[in-house]
Amino acid sequence: MKKEFNLAKLFKIITIIITIILVIILIYFLQTGIFEDQTRLINYIKQFGLFGVLLFILLQAIQVIFPVIPGGASCLIGVLSFGPILGFIYNYIGLTLGSILAYLLAKTYGLALIRKLFKAQTIDKYLKYLKTSKFNKIFFLCILIPGLPDDLSCYLAGISSMKLPTFIFTILIAKPLSLLMYSIFIILI
């Protein structure tokens with residue numbers, strides 16, 4: 001029990017720190033006008049070289065584990081910053097790593113951790129499918145369709161009977177299709 005309490009406390013602290021950092025970065029970017037010009041944003045991120053790429057991939061992984069940033073917003077940043085192809089690849093790598101880590105955290109710490117990260121109403125809506133034969137299909141759809149709770153679904157898969165290879169296979173198949181939909185939508189805008 002103490003292990004769960006300490007982890008939950010750590011997650012809350014990390015979430016607060018990440019939120020504060022992101023707000024500061026957002027305010028800085030808005031004040032400097034970096035978001036107003038795609039070329040300027042790309043050049044800003046490129047100045048960090050490989051570190052900028054790794055930082056973005058890490059951000060994508062973290063946004064799955066600590067659901068602070070809406071996934072669509074961070075995908076948009078990837079496509080705008082690195083272009084449609086590299087943005088897609090970096091989004092995919094980061095989101096896949098984050099999804100696997102969320103699954104493993106849920107396997108280790110269980111429903112108590114999930115309840116610390118997500119609203120009870122949202123959890124309960126999907127929790128009822130966990131022990132049914134429909135869960136794998138619902139999980140696939142949550143990963144595939146933008147706007148559904150894919151981060152929560154990764155955690156729930158961790159407490160389900162779904163095995164890690166099945167989880168990874170689903171992520172590897174469904175996540176690129178979801179990212180493709182996001183990317184097409186972003187490009188059209």
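What follows is calculated from the coordinates using simple rules that are stated; it is not laboratory data. Quick caveat, the model's predicted, so the values are computed rather than measured. We place every Cβ from the backbone using ideal geometry, glycine too, and count neighbours over all the protein chains shown.
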Cross-link reach list, lysines versus residue 128, counting only Cα pairs under 29 Å and skipping chain neighbours closer than eight places: 2, 3, 9, 12, 107, 116, 119, 137, 163, 175
Sites residue 172 and residue 39, calculated FRET efficiency, Cβ-Cβ separation with R0 41 Å, nearest 0.05: 0.80
In nm, spacing of pseudo-spin labels at residue 85 and residue 12 (7 Å Cα→C-beta vector): 4.7
Stretchable slack from residue 185 to residue 21, in nm (0.36 nm times residue separation minus alpha-carbon distance): 56.3 nm
All-pairs alpha carbon distance profile, region 2-188, 5 Å steps from 0, percent: 1, 8, 16, 20, 19, 15, 11, 6, 3, 1, 0
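When the chain is fully extended, how far beyond the present Cα-Cα distance does residue 131 get from residue 58, taking 0.36 nm per residue of separation? Could you put the intermediate results ahead of the total?
Working: separation 73, 0.36 × 73 = 26.28 nm, distance 3.22 nm.
Computed gain between residue 131 and residue 58 is 23.1 nm.
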